[in-house]
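First up is the structure itself, then whatever we jot down about it.
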Amino acid sequence: MADIHHGFSKRLRRIDVKHARLARGYMGKVRDDGLIEFRPKRRLPAIPLRGLLYLVLGFAFFKAVVLAHLGGVTYQERIGLLSEGNVIEQVGAYIMRPDPLTGMIAVYLAPVLR
């Protein structure tokens, strides 16, 4: 008898989980036999990865334009001045330091910007 109740409790728990998932959004789809089946919508990541990638690439491009425009020596001098400032300026200097991607892009942009 306890086995029957255990199976019933298991089914109830599965129904509750499915109901909770459907409560966050669902899509109805008609199957080939005419039965309408509801499935939960896929959850999207909290931070869109494509947008984050575009942000990082855009910032790298910005750094490359500045590096190509100023030249390597002047750019390093300005980063050095920033690193001697307060905490916010030091963080800015850390973020703006040239990385391999920035250097690679700057090499291609330098002839265009000069």
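List of remarks:
- Look at segment 63-92: where a residue is more than 12 Å from Val107 (Cα to Cα) and a partner is part of a loop (DSSP other than H, G, I, E, B), sitting 6+ places away or on another chain with Cβ atoms under 6 Å, you get Ile79/Arg97.
- Residue check for Glu37: more than 24 Å from Leu113 (Cα to Cα) and either part of a loop (DSSP other than H, G, I, E, B) or without any contact (Cβ under 8 Å) to a residue 12 or more places away in the chain (or both): yes
- Check on Gly28, outside any helix (DSSP H, G or I), exposed (fewer than 12 other Cβ atoms within 10 Å of the Cβ) and on the phi > 0 side of the Ramachandran plot: no
Per-residue answers, yes or no, for (1) over 26 Å from the mean Cα position of the chain (by Cα); (2) at pLDDT below 90:
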residue	(1), (2)
Asp32	yes, no
Ala46	no, yes
Phe61	no, no
Val87	yes, no
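- Across segment 40-57, the number of residues qualifying as outside any strand (DSSP E or B) and touching a residue at least 12 places away in the same chain (Cβ under 8 Å) comes to 2.
- Checking each residue of segment 79-89 against the condition of being loosely packed, with under 10 Cβ neighbours inside 10 Å, among the small types (Gly, Ala, Ser) and in a loop (DSSP other than H, G, I, E, B) gives no match.
The values are calculated or read from the model by the stated rules, or taken from the named source; none is laboratory data. This one's a predicted model, so the numbers in the text were calculated from it and none came from an experiment. All Cβ positions, even for glycine, are placed from backbone atoms using ideal geometry, and neighbour counts span all protein chains on display.
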